[in-house]
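Visitor: One structure coming up, written as structure tokens, with questions to follow.
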Amino acid sequence: QVQLVESGGGLVQAGGSLRLSCAASGRTFRSYGMAWFRQAPGKERDFVAAISGVGSIIYYADSVKGRFTISRDTAKTTVYLQMNSLKPEDTAVYYCAASASYVSRNRDAYDYWGQGTQVTVSS
């Protein structure tokens, strides 16, 4: 069983930065693929970024490539999402997810989800 707790969301002006954190419990964290998804009001939950267990495989959505960076600190069992050059269209609830099998852009691959953290970017 893995529990995920996100933090770091908030209100920021366009062009600003935020760093989201996802604290994971569970002794097998090192083997899990981790990802961030986001969901804006009235829209589906979309893929943002993902990282494999050892960090050797990383995926980004085209909309965030070059602006967002995903990383993980295995010792602290934490995954981060550094978000720079934020845009109003980045406004959403951001969710952390964990996969016991593999890293993927597909939300159906993920077994565990956090409660989400709100990110609001003002213009």
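The values are calculated or read from the model by the stated rules, or taken from the named source; none is laboratory data. Because the structure is a prediction, the values reported are computed rather than measured. All Cβ positions, glycine included, derive from the backbone under ideal geometry; neighbour counts span all protein chains shown. Ligands, DNA and RNA are excluded from the accessible area calculation, which covers all protein heavy atoms including side chains. Shrake-Rupley method; radii C 1.70, N 1.55, O 1.52, S 1.80 Å.
Visitor: Looking only at residues that are modelled with pLDDT under 95 and not acidic (Asp, Glu) in the range 60-74, which one is farthest from residue 28 (Cα to Cα)?
Guide: Within the range 60-74, the first condition is being modelled with pLDDT under 95, and the residues that meet it are 72-74.
Narrowing the set further to residues that are not acidic (Asp, Glu) leaves 72, 74.
Working: 72: 14, 74: 10 Å.
Among those that are modelled with pLDDT under 95 and not acidic (Asp, Glu), it is 72.
Visitor: Could you grab the pairs with beta carbons closer than 7 Å, sequence gap of 6+ or different chains, first residue in the range 35-50 and touching a residue at least 60 places away in the same chain (Cβ under 8 Å), second one open to solvent by 60 Å² or more (accessible area, probe 1.4 Å) and assigned to a loop (DSSP other than H, G, I, E, B)?
Guide: Hits for this filter: 47/105.
Visitor: Got a sec? Which of 60, 80 is closer than 16 Å to residue 3 by Cα and out of contact with any helix residue (DSSP H, G or I) (no Cβ under 6 Å at 6 or more places or on another chain)? Let's see the steps before the verdict.
Guide: Details: 60 fails: closer than 16 Å to residue 3 by Cα.
Residue meeting the stated conditions: 80.
Visitor: Looking only at the range 75-105, which residues are at pLDDT below 95 and over 14 Å from residue 52 (Cα atoms)?
Guide: Matches in the range 75-105: 75, 76.
Visitor: Answer yes if at least one residue in the range 106-115 is modelled with pLDDT under 95, assigned to a loop (DSSP other than H, G, I, E, B), more than 11 Å from the chain's Cα centre (by Cα) and aromatic (Phe, Trp, Tyr), and no otherwise.
Guide: no
Visitor: Which ones in the range 83-105 are assigned to a loop (DSSP other than H, G, I, E, B) and over 17 Å from residue 4 (Cβ atoms)? Don't jump to the end; show me each part of the working.
Guide: Looking only at the range 83-105, we keep the residues that are assigned to a loop (DSSP other than H, G, I, E, B), and these are 84-87, 91, 100-105.
Scanning the range 83-105 gives 84, 85, 86, 87, 91, 102, 105.
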